[in-house]
Number of protein chains: 2
Amino acid sequence: MPVGTQATVKTLHPDEVERVGFRLVLANAFHLYLRPGPDVIAEAGGLHRFMGWPHALLTDSGGFQVFSLSELRKVSEEGVSFRSPHDGSSHFLTPEAVISVQELLGSDIMMPLDECLPYPCDEAHARESVRMTCRWAERSKDAVRGDRPVFGISQGGTYPDLRREGVERLLDIGFPGYAIGGVSVGETSEQGLAVVEMTAAWLPRDKPRYVMGVGEPCDMLRAIALGADMFDCVMPTRNARNGCAFTADGRLVVRNGRYARDGRPIEEGCACPVCARFTRSYVRHLFHAGEVLGLRLVTEHNLHFMMNLTRRAREAITQDRYDAFVNDFISRFQAGDERRTLRGER
Amino acid sequence: MPVGTQATVKTLHPDEVERVGFRLVLANAFHLYLRPGPDVIAEAGGLHRFMGWPHALLTDSGGFQVFSLSELRKVSEEGVSFRSPHDGSSHFLTPEAVISVQELLGSDIMMPLDECLPYPCDEAHARESVRMTCRWAERSKDAVRGDRPVFGISQGGTYPDLRREGVERLLDIGFPGYAIGGVSVGETSEQGLAVVEMTAAWLPRDKPRYVMGVGEPCDMLRAIALGADMFDCVMPTRNARNGCAFTADGRLVVRNGRYARDGRPIEEGCACPVCARFTRSYVRHLFHAGEVLGLRLVTEHNLHFMMNLTRRAREAITQDRYDAFVNDFISRFQAGDERRTLRGER
């Protein structure tokens with residue numbers, strides 16, 4: 001899923017996101033609750049109509065965002081109180097209220113409020129937290145008024161026992177899909193993948209398994225091997241705005257002087273409309289000149305890259321050659337990154 | 001002409017500019033000379049290919065921009081020396097060099113280097129300047145190596161005698177089109193239009209008369225009545241990025257709180273793709289959230305507005321009801337502006 005936190009996949013028009021091939025976009029209930037407010041979006045006929053996106057929307061509850069406020073929030077069994085980073089106003093959100101917000105938005109897949117633990121986190125705190133997150137998950141399920149699905153979210157940091165306990169509790173409650181939260185929060189790739197590996201194995205194979213916040217191409221492919229089905233990540237869009245383009249040969253820093261006269265597309269052999277039309281030289285110029293079109297072009301390319309990667313992964317799985325596919329992809333991607341690092345490009 | 005100073009109409013993809021209906025875009029030889037450099041663009045196969053624009057390009061010489069550098073430039077009969085605002089490097093441009101740059105870019109209509117006088121400007125200085133600008137125009141014409149057209153540019157401030165002298169000199173040299181420069185440089189609308197009126201009347205009716213830097217909708221319509229055929233202006237695109245949308249009822253400030261829940265398009269009755277799809281409420285949200293899509297949407301709308309306005313002007317001229325059309329447009333546009341000013345919106 002491309003990330004459309006504030007009801008827009010940054011820099012892109014919904015037609016462009018659709019053209020890349022995405023049919024599910026993530027938006028953030030917490031951000032939209034604060035601005036423009038769920039009532040504004042409900043009055044507009046829901047989030048799909050508000051943002052002009054005719055396909056499916058998953059809304060994150062904003063647990064991750066609330067807990068990123070650190071100094072500005074206070075957690076209790078009942079819910080979380082916090083101050084708006086926009087205007088300092090006080091808010092109190094319960095699991096029930098967060099479901100209600102997502103129902104107002106008209107989300108197709110809702111996420112419950114959860115406590116997203118930082119890394120590292122001591123085990124006693126993590127134990128209390130994961131138990132509360134499971135109680136919140138149950139309250140969230142009970143709070144659903146219509147028939148929109150809400151997923152369960154596994155937390156528990158890097159502690160196998162806590163992850164296990166949490167997953168068992170979620171399975172007891174029963175959800176139409178399960179998310180693995182609390183990865184990509186400061187731990188290493190290997191630690192995160194270890195969490196995905198154990199957790200995905202405990203989750204039912206016939207329900208979507210969604211790894212939240214993962215989208216680094218190599219990590220995503222590895223997580224797919226471990227059973228993950230869904231992902232969201234700001235990386236393709238955020239990297240793009242920093243002038244970092246994904247290619248099969250690793251990350252290309254478009255601002256680099258070596259591309260000043262490079263008449264090749266961002267990625268040779270790429271079938272995306274950006275690569276069909278514009279050169280590295282032009283994209284580099286746009287970034288140096290501070291032109292918005294540069295942000296757009298690299299964003300569109302990176303989303304196309306991710307979509308193409310998942311298509312190829314799906315194909316490799318059905319042809320029973322997924323491991324070889326992943327190994328080939330990762331070694332080429334990382335070799336490209338290393339080459340660029342060695343020559344001082346990154 | 002929409003303005004694509006740095007080889008991009010700000011925030012838009014060339015397909016979008018084309019879809020609005022434009023077939024001629026202005027780019028700036030001075031800016032592109034400094035960055036990325038004419039050789040980079042020539043290597044790319046010219047400016048059209050570099051920026052992915054398949055239609056015509058007019059390149060401004062950058063006279064206006066050089067003279068905006070004030071402290072950083074020094075003018076002599078031979079040309080102008082200046083320091084790059086990007087890196088402080090020293091440059092010297094002659095009229096011949098500026099033509100050569102535009103030929104490297106592959107411009108379809110070239111503009112000669114001219115001295116764009118500020119307003120106010122004393123008459124003795126203006127006299128010397130306009131004579132030099134005419135000598136530069138002749139040198140520019142002589143410098144053309146291929147068959148690309150170069151226009152003559154009228155200068156002379158608000159002094160009728162100097163304007164007259166300059167135009168006569170340009171007509172002696174002979175150009176395939178004529179521009180009226182030095183308007184929109186600080187004088188009032190009325191003073192600028194008075195210059196357009198006298199100058200356009202002296203210029204041949206069978207050659208394009210191009211008023212540089214004018215694009216305020218009412219001023220543009222008035223200038224058309226005086227014989228002007230071509231315009232360029234950053235106003236539609238720059239205003240858009242400041243959240244100011246053009247409508248038949250004047251300028252609409254999209255950030256305004258009154259639009260928070262307004263489910264209408266930016267302009268009711270507008271046939272542009274932005275108005276067909278998005279509401280004021282959503283566009284306002286995008287601006288408040290600092291989202292790039294907001295800039296894009298208002299830019300596209302404003303360009304559509306200008307294109308539609310020129311279409312309607314053309315139609316009114318052929319139907320011999322231009323004066324009534326202009327009066328109706330201006331009174332409605334200004335009444336809308338006044339209404340919004342009164343209620344504190346602008």
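At q = 0.10, 0.11, 0.14, 0.23 Å⁻¹, what log₁₀ I(q)/I(0) does the stretch A:1-111 have when each alpha carbon counts as one equal point scatterer in the Debye sum? Here the Debye-derived log intensity ratios amount to -0.28, -0.34, -0.54, -1.25. For B:ARG135, the point set 7 Å out from Cα toward Cβ sits 8.9 nm from its twins in the other copies, listed from shortest up.
Overall, the anisotropy analysis places the stretch B:177-222 in the prolate class: the square-rooted eigenvalues a ≥ b ≥ c of its C-alpha gyration tensor yield a/c not less than 1.5, with a/b exceeding b/c.
Between the C-alpha center of the stretch A:64-126 and that of the stretch A:4-27 there is a gap of 24 Å.
Quick one: grab the alpha carbon gyration tensor of the stretch A:64-131, order the square roots of its eigenvalues as a ≥ b ≥ c, and give me rounded if a/c is under 1.5, else prolate or oblate depending on whether a/b is larger than b/c. Note, shape of the stretch A:64-131 comes out oblate. As a length-normalised measure over Cα pairs under 8 Å and 6 or more apart, the relative contact order of the stretch B:56-171 settles at 26 percent. Bridging of A:LYS141 to lysines at a Cα separation below 19 Å is possible for A:LYS207, once same-chain residues fewer than 8 apart are set aside.
3J(HN,Hα) along the stretch A:26-38: 9, 10, 10, 4, 5, 4, 6, 4, 6, 7, x, x, x Hz, from the Karplus curve 6.51 cos²θ - 1.76 cosθ + 1.60 with θ = phi - 60°, whole Hz, x for Gly and Pro. Counting only other chain Cβ atoms within 10 Å of each residue's Cβ, the peptide A:289-297 averages 6.
With contributions of -39500 (n - 2.57) from each DSSP H run of at least four residues, the per-residue ellipticity at 222 nm computed over chain B stands at -15000 deg cm²/dmol. Prolate is the label for the stretch B:161-277. Its Cα gyration tensor axes, ordered a ≥ b ≥ c, give a/c of at least 1.5 and a/b above b/c. Against the main long axis of the alpha-carbon atoms of chain A, helix A:189-202 sits at an angle near 50°. Residues whose amide H lies under 5 Å from that of A:GLY186, counting only those 5 or more places away or on a different chain, are absent; hydrogens are built 1.01 Å from N in the peptide plane. Projecting the Cα atoms of A:GLY336, A:MET1, A:VAL101 onto the dipole axis of the protein assembly as shown, where Lys and Arg carry +1 and Asp and Glu carry -1 at the beta carbon, places A:MET1 farthest toward the positive end. Counting Cβ atoms of other protein chains within 10 Å of each Cβ in B:6-13 and taking the mean gives 6. Nearest chain A C-beta to the A/B rotation axis, reported as residue and distance in angstrom, is A:VAL292, 3. Each peptide in A:47-57, B:141-151, A:107-117 was scored by the mean count of other Cβ atoms within 10 Å over its residues; highest first, the order is A:107-117, A:47-57, B:141-151. Placing a label point 7 Å from the Cα of B:ASN327 along the Cα-to-Cβ direction, the distances to the matching points in the other copies come to 8.4 nm, shortest first.
In plain terms, the bigger the Kirkwood radius, the slower the diffusion; for chain A, with that radius from Cα pairs, at 4 °C and 1.567 mPa s, Stokes-Einstein puts D at 62 µm²/s.
Indicate, rounded to the nearest 5 percent, the antiparallel portion of the DSSP beta bridges found entirely in chain A. Counting DSSP beta bridges with both partners in chain A, the antiparallel share is about 40 percent. Couplings 3J(HN,Hα) of the stretch B:306-315, computed from phi: 5, 4, 5, 5, 5, 4, 5, 4, 4, 4 Hz, in residue order, whole Hz [Karplus 6.51 cos²θ - 1.76 cosθ + 1.60, θ = phi - 60°; x for Gly and Pro].
Mean sequence separation of contacting Cα pairs (under 8 Å, at least six apart), scaled by the length of the stretch A:6-110, corresponds to a relative contact order of 30 percent. Per residue, the average separation of C-alpha pairs within less than 8 Å and at least 6 apart gives chain B a relative contact order of 13 percent. Each copy carries a label point for B:THR341 at 7 Å from Cα toward Cβ; from one copy, the others' points are 6.0 nm away, ordered from shortest. Axis angle, to the nearest 10 degrees, between helix B:95-105 and the longest C-alpha principal axis of chain B: 50 degrees. For the stretch B:246-342, the fraction of alpha-carbon pairs lying more than 23 Å apart is 30 percent, rounded to a whole number. The alpha carbons of the protein assembly as shown stretch over 91, 58, 43 Å along the principal axes, in descending order. The packing ranking of peptides A:59-67, A:315-323, B:332-340, B:129-137, highest mean first, is A:59-67, B:129-137, B:332-340, A:315-323, where packing means the average number of other beta carbon atoms within 10 angstrom of each residue.
Throughout, read-outs are computed from the coordinates displayed, never taken from laboratory work. Being a predicted model, the structure only gives us computed values, none of them experimental. A quick note on method: Cβ atoms are made from the backbone with ideal geometry, for glycine too, and the neighbour counts reach across all protein chains shown.
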